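S.K.: First, the structure itself, so that you have it in front of you.
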Amino acid sequence: MNAKKTLTNYAMVIVTAIIIVLLAILTGGKLLLPQNVNNLIAQNAYVFILGTGMLFCILTGGNVDLSVGAVVAFIGGIGGTLLVNKSWPIPLVMLVMIVVGLLVGIFQGFFVAFVRVPPFIATLAGFLGFRGLANVVLNGLTIAPMPDNYLNIFNSYVPDIMGGSDTFNITCMTAGIVVCIIFVLLQLKGRVSKAKKGYETGSATGMILKCVFVCALVLAFMYKLACYKGIPVILIWVAAILLIYNYVATKTTIGRHLYAVGGNEKATKLSGINTNNVYFFAYVNMAFLTAVTSMVCIARLNSANPTAGNLYEMDAIGACFIGGASAYGGVGSVGGVVTGAVLVGVLNLGMSILGVDANWQRVVKGCVVLFAVIFDIFSKKKNQ
């Protein structure tokens with residue numbers, strides 16, 4: 001029974017691994033070249049960041065934010081205009097972008113949480129409105145290039161302080177080993193803590209296999225990066241966001257409230273929790289992470305344009321559902337978003353290498369999302 005439950009919990013991880021192997025074979029190994037592994041992070045950072053924010057919206061009851069792609073273009077347009085046309089200081093521009101993002105979140109969150117406009121409708125209006133505003137801010141034109149100092153904040157690499165060569169970054173590989181050691185120690189600490197409290201700890205074999213699998217994955221990933229240019233700075237940004245939000249989701253009061261609202265809003269209200277504030281937090285937080293994504297986006301593209309962020313919301317939603325978030329709310333994890341984002345990124349990269357038409361790429365990703373939601377529905381039926 002435990003083996004069956006474990007298989008169910010890690011089904012999408014297994015599927016992701018199978019797809020990676022399949023695409024690696026179909027691309028003749030090109031998918032796993034060091035440069036392409038680096039591109040997987042650089043080109044899909046937006047999926048990890050937006051997916052994390054989207055998870056919090058989905059947890060409240062399967063709700064989503066359809067406006068994030070348009071808001072990325074709108075805030076990116078403001079940032080690009082201030083950086084290039086107005087020559088404002090970079091820290092001030094980044095602050096303005098964050099403030100604008102928060103104002104967008106407050107605006108949409110107010111209607112969702114307090115007016116009780118259905119999130120689908122409220123954010124659909126935002127999708128239309130902010131895409132129009134992006135064109136207004138940019139006058140329908142592209143602003144480029146961004147200042148080099150700004151690009152370095154997101155597009156540069158961590159220096160190899162340990163004296164590696166041009167073909168192998170020792171600092172990158174060392175960081176991978178340190179991450180593995182920390183992961184194993186945290187797993188042991190968690191197991192000891194559960195045992196002291198009398199909780200079920202699971203089999204030691206299962207924990208060992210998990211540690212071996214995760215460490216092998218981390219070391220392989222860092223080895224590929226070490227063979228290119230080392231640790232991209234954007235990886236540090238993404239990792240920091242994932243770690244912070246994983247802590248918020250699992251260790252804080254607001255995190256527990258998000259799960260509670262999605263599980264049973266009426267019961268949550270009766271327990272004294274202000275559910276309006278929970279909805280409000282979810283959508284303000286989503287807009288905050290959208291502002292961060294807009295910073296990353298204009299740095300990666302080295303430009304601000306009114307079509308930026310097209311279908312970003314779909315990739316973010318897809319990453320959440322692929323990673324195990326329930327379409328009904330109350331179920332999901334940041335770790336699951338990582339799995340989903342990796343799968344979306346691998347599909348994007350692999351099909352691009354194979355020369356698959358962009359329209360067919362969308363068909364494939366749509367089918368994967370549909371499969372994930374069907375899997376969620378059948379899993380729930382079996383557990384009832």
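The values are calculated or read from the model by the stated rules, or taken from the named source; none is laboratory data. Because the structure is a prediction, the values reported are computed rather than measured. Don't worry about glycine lacking a Cβ; one is built from the backbone with ideal geometry, like all the others, and counts go over all protein chains shown.
S.K.: Within the group I98, I75, I58, which residue is among the aliphatic types (A, V, I, L, M), touching a Cys at 6+ places or on another chain (Cβ under 6 Å), surrounded by 16 or more Cβ atoms within 10 Å (Cβ to Cβ) and modelled with pLDDT of 95 or more?
M.R.: Details: I98 fails: touching a Cys at 6+ places or on another chain (Cβ under 6 Å); I75 fails: touching a Cys at 6+ places or on another chain (Cβ under 6 Å).
Just one listed residue meets the conditions, I58.
S.K.: What's the total number of residues in the range 184-206 that are touching a helix residue (DSSP H, G or I) at 6+ places or on another chain (Cβ under 9 Å) and of a type in the set (V, I, T)?
M.R.: The number of residues fulfilling the criteria is 2.
S.K.: Suppose the filter is outside any helix (DSSP H, G or I) and of a type outside the set (K, R); does V136 pass it?
M.R.: Values: outside any helix (DSSP H, G or I): no; of a type outside the set (K, R): yes.
So V136 fails the test.
S.K.: Among the residues of the range 193-230, count how many are assigned to a helix (DSSP H, G or I) and surrounded by 11 or more Cβ atoms within 10 Å (Cβ to Cβ). Break it down stepwise before answering.
M.R.: Initial filter on the range 193-230 (assigned to a helix (DSSP H, G or I)): 193-197, 204-226.
Checking the rest, the ones that are also surrounded by 11 or more Cβ atoms within 10 Å (Cβ to Cβ) come to 193-195, 206-226.
Number satisfying all stated conditions: 24.
Condition check ((1) touching a Ser or Thr at 6+ places or on another chain (Cβ under 8 Å); (2) acidic (D, E); (3) within 30 Å of A216 (Cα to Cα)) across all residues:
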{"residue": "G69", "(1), (2), (3)": "no, no, no"}
{"residue": "V96", "(1), (2), (3)": "no, no, no"}
{"residue": "L124", "(1), (2), (3)": "yes, no, no"}
{"residue": "T171", "(1), (2), (3)": "no, no, yes"}
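S.K.: Can you find a residue that is under 30 Å from N36 (Cα atoms) and modelled with pLDDT of 90 or more anywhere in the range 185-205? Give the steps one after another, and end with the answer.
M.R.: Initial filter on the range 185-205 (under 30 Å from N36 (Cα atoms)): none.
Within the range 185-205 (the criterion being under 30 Å from N36 (Cα atoms) and modelled with pLDDT of 90 or more), the answer is no, since none of the residues qualifies.
S.K.: Taking the range 323-348, which residues are more than 12 Å from the chain's Cα centre (by Cα) and hydrophobic (A, V, I, L, M, F, W, C)? Walk me through how you get there before you give the answer.
M.R.: Within the range 323-348, the subset more than 12 Å from the chain's Cα centre (by Cα) is 324-332, 346-348.
If the condition is that a residue be more than 12 Å from the chain's Cα centre (by Cα) and hydrophobic (A, V, I, L, M, F, W, C), then A325, A327, V331, V346, L347 are the ones that fit.
S.K.: On to the next question. Inside the range 38-63, can you point out the residues that are over 11 Å from A341 (Cα atoms) and within 14 Å of the chain's Cα centre (by Cα)? Explain how you work it out, then say what you get.
M.R.: The first filter runs over the range 38-63 and keeps only residues over 11 Å from A341 (Cα atoms), leaving 38-39, 42-43, 53-63.
Answer for the range 38-63, where residues must be over 11 Å from A341 (Cα atoms) and within 14 Å of the chain's Cα centre (by Cα): A42, Q43, G53, M54, L55, F56, C57, I58.
S.K.: Taking the condition among the polar types (S, T, N, Q) and closer than 14 Å to L55 by Cβ, does N305 pass? Write out each step before concluding.
M.R.: Working: among the polar types (S, T, N, Q): yes; closer than 14 Å to L55 by Cβ: no.
For N305, the condition - among the polar types (S, T, N, Q) and closer than 14 Å to L55 by Cβ - is not met.
S.K.: Taking the condition at pLDDT below 90, at negative phi, in a helix (DSSP H, G or I) and loosely packed, with under 15 Cβ neighbours inside 10 Å, does I25 pass? Talk me through it step by step, then tell me what you get.
M.R.: On the way: at pLDDT below 90: no; at negative phi: yes; in a helix (DSSP H, G or I): yes; loosely packed, with under 15 Cβ neighbours inside 10 Å: yes.
Judged against the criteria, I25 is not a match.
S.K.: Separate question: Any residue that is loosely packed, with under 14 Cβ neighbours inside 10 Å and in a helix (DSSP H, G or I) - is there at least one of those in the range 157-178?
M.R.: yes
S.K.: If you take the residues in the range 250-277 that are surrounded by 22 or more Cβ atoms within 10 Å (Cβ to Cβ) and aliphatic (A, V, I, L, M), which one is farthest from the chain's Cα centre (by Cα)?
M.R.: Among those residues, the one meeting the criterion is V261.
S.K.: Please tell me if R191 is outside the structural domain of Y279 (by TED's automatic domain parsing) and either touching a residue at least 40 places away in the same chain (Cβ under 8 Å) or of a type in the set (D, E, K, R) (or both). First the steps, then the outcome.
M.R.: Working: outside the structural domain of Y279 (by TED's automatic domain parsing): yes; either touching a residue at least 40 places away in the same chain (Cβ under 8 Å) or of a type in the set (D, E, K, R) (or both): yes.
Yes.
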